[in-house]
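To keep things clear, I will list the structure first and then write my remarks on it.
A short reminder: the numbers here are calculations on the coordinates, not readings from a lab. Remember, it's a predicted structure, so these values are computed and weren't measured experimentally. Cβ sites come from the backbone with ideal geometry, for glycine too, and all protein chains shown count toward neighbours.
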Amino acid sequence: MERNTAEGVIDAHHHVWDLSVRDQDWITGPELAPLRRDFLLADLESQARAAGVTATVLVQTIDVPEETPEFLALAQDSDLVAGVVGWTDLTSPDVARALATLREGPGGEHLVGIRHQVQGETDPRWLVRPDVLRGLTAVAAAGLVYDLVVRPHQLAAAQEAARLLPGLTFVLDHAGKPPIASGELRPWADAVRSLALLPNTVCKLSGMVTEADWDRWSVEDLQPYANTVLDAFGPRRMMFGSDWPVCRLAATYAEVIDVARELTAALHPAECREIFTGTALRTYGLTST
């Protein structure tokens, strides 16, 4: 089912949470303390509009079944959220029924993809377990995409899963979390290039500021990593995402958008339109009006 969005910049990756509804148990320690408060859609809306963002994709934060229906209902009542990447238990034998139930509920037409916190799995080959592949097959059959939140050592399994399931589009969140703070390119760059060889893969230009040194990063620090994924995937398979509010650890919402524009400044305007609008429209089945 197609979802409508006004033409303009699409923020293809952000979150919201209300700690009075549900704890975010990953927000621990003093470094993450700035995130330990509510971040509601109302907090984002004015910042997004001021930055020229006309539509967003709201992405799951924790692997619990209650969150996705809440996000879908939020999208139903929002003029900003055009799509939701939710969560379901991919290892369950009843994934197809769970997805159908989400689609049938309030705001179900806004469900565009599924994601699991693979980065937290201890098994580096979690994505190619038989039960997970069965679940991913159900995601493909439902006409949804799958967002990959993985660390560099998990990219090999992501590539294998994408090869085994050519009918499913895999979206690499945060460029695969490159080690920007250390300044290393390999082996992350080699793994990303291998993944990009598969035509059913897409990459988000997102989450980069928080992979850098939060207090001392610069555009020059990020550029080699941005260039790597831009060269590997090409603009028609790249999309912008803010990763708000997590980005606030290192940059404001407006700064993240400005940085993305600087990182893509050498591209043709038509290529930039793909990154900031076109790829998200196609990948997530959104419709420009």
Just need the relative contact order of the range 3-288 here, percent rounded to a whole number, with Cα pairs under 8 Å and 6+ apart. 20
Translational diffusion coefficient, Stokes-Einstein: compute it for the range 242-289 using the Kirkwood radius over C-alpha pairs as Rh, at 37 °C and 0.692 mPa s, and state it as an integer in µm² s⁻¹. 274
Just to confirm a number: summing +1 for Lys and Arg and -1 for Asp and Glu over residues other than TRP244 whose beta-carbon lies under 10 angstrom from that of TRP244, what do you get? -2
Can you pull the Kirkwood radius for the range 1-107, inverse mean 1/r over Cα pairs, to one decimal in Å? 15.1
Between VAL64 and ARG36, Cβ-based FRET efficiency (R0 22 Å, step 0.05) works out to 0.75
Please find the FRET efficiency linking GLU255 to GLN76, where r is the Cβ-Cβ separation and R0 is fixed at 25 Å, and quote it to the nearest 0.05. 0.25
Cα-projected label distance for ALA265 with TRP214, points at 7 Å along beta-carbon direction, nm: 2.7
Suppose only helical runs count, i.e. DSSP H with n ≥ 4. What mean residue ellipticity at 222 nm does that imply for the chain under -39500 (n - 2.57) per run, divided by all residues and rounded to the nearest 500 deg cm²/dmol? -10000 deg cm²/dmol
Note down the nm distance, to one decimal, between modelled labels 7 Å out along Cα→Cβ at ARG282 and at LEU197. 2.2
If I take the Cα coordinates of the chain and project them onto the principal axes, what are the three extents in Å, biggest first? 47, 42, 40
Antiparallel DSSP bridges in the range 3-288: what percent, to the nearest 5? 5
Using only the Cα atoms of the range 70-190, what do you get for the radius of gyration and for Dmax, in Å? 15.4, 46
Virtual spin-label span in nm between SER46 and ARG186, 7 Å along Cα→Cβ: 5.0
Sort the following peptides by mean Cβ neighbour count (other Cβ atoms within 10 Å, averaged over residues), highest first: 190-203, 103-116. 103-116, 190-203
